[in-house]
Amino acid sequence: MLTVKTKIKPSRINGFGLFANQNIKKSQIIWKYNPIIDYKISPKKFKRLPSIAKKSVLHYCYADGYGNYIMFLDNARFFNHSKKPNCLEVDSKDGKKPTIALRDIKRGEELTIDYYSFDNNYKKGVKKIKS
């Protein structure tokens, strides 16, 4: 669930992107898992899906490292990839791994994250960034 004000706009990186609609301080939490807003698909549920649905899950969700796929039901799905991101998923005591700002981010700036740092499908080479 996003914890800051954002808006969706055309992105120079890829299609549409997630943009800060407020100033964000370094280390401020931008996103954190919330089971009311973010849907978790277990490996068992994933295996039962028809192939067309599996393709959508692989495209739109991220693999959390435990075999689950996490689907954002808010605008967090518009985070674009960057090799020099301004956001990062970090470990936490509760295991929910929030996403924080790596530096101060100004209103109007696109929020980016390195997909390879948190999505197991990118780490394994199942998904690749289009260049």
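The values are calculated or read from the model by the stated rules, or taken from the named source; none is laboratory data. Bear in mind that the values here come from a model prediction, so they are computed numbers and not experimental data. A quick note on method: Cβ atoms are made from the backbone with ideal geometry, for glycine too, and the neighbour counts reach across all protein chains shown. In case anyone asks, the SASA skips ligands and DNA or RNA and just uses the protein heavy atoms, side chains included. Shrake-Rupley method; radii C 1.70, N 1.55, O 1.52, S 1.80 Å.
Couple of notes before you dig in:
- Pairs from Lys7/Lys106; Lys54/Lys83; Lys5/Lys83; Lys7/Lys45; Lys47/Lys96 whose Cα-Cα separation, in the structure shown, is over 21 Å: Lys54/Lys83; Lys5/Lys83; Lys7/Lys45; Lys47/Lys96
- Ordering of 81-92, 105-116 by packing is 105-116, 81-92, highest average first (other Cβ atoms within 10 Å, averaged per residue).
- Between helix 51-60 and the chain: long-axis angle, C-alpha atoms, 0 to 90°, nearest 10: 20
- Förster radius 22 Å - calculated FRET efficiency between Lys9 and Tyr39, Cβ distance, rounded to 0.05: 0.35
- Solvent-accessible area assigned to carbon and sulfur over the range 21-122 amounts to 55 percent, based on a 1.4 Å probe.
- Bridges between two residues of the chain, per DSSP, are antiparallel at a rate of about 90%.
- Potential extension, Lys54-Ser117 segment - 0.36 nm per residue separation minus Cα distance: 20.4 nm
- Accessible area per residue in Å² at 1.4 Å probe, computed on the chain: 64
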